[in-house]
1. Could you pull out every residue, at least 5 positions away or on a different chain, whose amide H is within less than 5 Å of the one on Leu107? Hs are placed 1.01 Å off N in the peptide plane, and Pro or chain starts have none.
2. Can you put Leu24, Leu36 in order of Cβ neighbours within 10 angstrom, beginning with the fewest?
3. Suppose the chain between Trp150 and Lys124 were pulled fully straight at 0.36 nm per residue; how much longer would it get relative to their current alpha carbon spacing?
4. Can you work out the Karplus-derived ³J(HN,Hα) for every residue in segment 94-110? Use 6.51 cos²θ - 1.76 cosθ + 1.60 with θ = phi - 60°, whole Hz, and x for glycine or proline.
5. Counting only DSSP beta bridges with both residues in the chain, what percent are antiparallel, rounded to the nearest 5?
6. Give the residue from Phe198, Tyr55, Ser171 lying farthest towards the positive end of the charge dipole for the chain; charges sit on Cβ (+1 for Lys and Arg, -1 for Asp and Glu) and the dipole is referred to the Cα centre.
7. Under 8 Å for C-alpha pairs, at least 6 residues apart: give me the relative contact order for segment 5-212, rounded to a whole percent.
8. What does the net charge come to around Ser73 if you take all other residues with beta carbon closer than 11 Å to its beta carbon, with K and R at +1 and D and E at -1?
Amino acid sequence: MPRYERSRMLLGDSFDKLTGAKILLLGVGGVGSFCLDCLHRNGIHDITIIDFDRYDASNQNRQMWSELHEGESKVEAMKQHYPQIKIMDMKITPQWVEEFDFEPYDLVLDAIDDIHAKLALAQKCYKKLISATGSAKRLDPTKIEVATIWKTHGDRFASKIRYELKKRRFSKKYPVVFSTEPARTKVKGSFVGVTGAFGMTMCSLAIQKLIQK
């Protein structure tokens, strides 16, 4: 059976919209790495990933391929597993967002942690944006929800984003993956069942948006 036959059986002729899509994925950690794998398994190969980090032992409980590449650049490691992707090894900052050309991409997937960069992304490319908020400190993937940024609830990180966007007089809508589960710890403990589910949810949203075009 051809590699993507099961995906094509599910999506029908809409599957062809995936193979022609151009995606920008920001961050390939606990959320982004699972999102990347999901996109790739469904025939989306024109993907550019951006991350500046390197793998260390603490990543191995939640980040795909991390146990094979300790000490290596995340984007360089991902290129070994997904040869068709394009990579950029750099930190995403508000200045970078301001200067980068997002026009060629169908979707921009935000799986980064930096709130200042997230705010800049929302302001510049909200029409193409799918964003993830806090996936750490949680254990229950059934508490994951999707809503516009203005309808997120039960997530302190999302609340801070809403507050800062209001200060900037930004009122546009874009979809967000978030969890209503209260944080179980003050330190950055994490569980792959939640971080991975965030990434899979982001991938699902991306596919749904692409086939609706």
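All of the numbers you see were taken from the coordinates with simple rules; none came from a lab. Since we're looking at a predicted model, the values are computed, not measured. Reconstructed Cβ throughout: ideal geometry from the backbone, glycine too, with neighbour counts over all protein chains shown.
1. Lys22, Leu24
2. Ordered by Cβ neighbours within 10 Å, fewest first: Leu24, Leu36.
3. Fully extending the segment from Trp150 to Lys124 adds 7.7 nm.
4. Using θ = phi - 60°, the values come out as x, 5, 4, 4, 4, 8, 7, 8, 8, 4, x, 9, 6, 9, 10, 9, 9 Hz.
5. 25 percent
6. The listed residue farthest towards the positive side: Ser171.
7. The normalised contact order for segment 5-212 reaches 24 percent.
8. Taking every other residue near Ser73 into account, the sum is -2.
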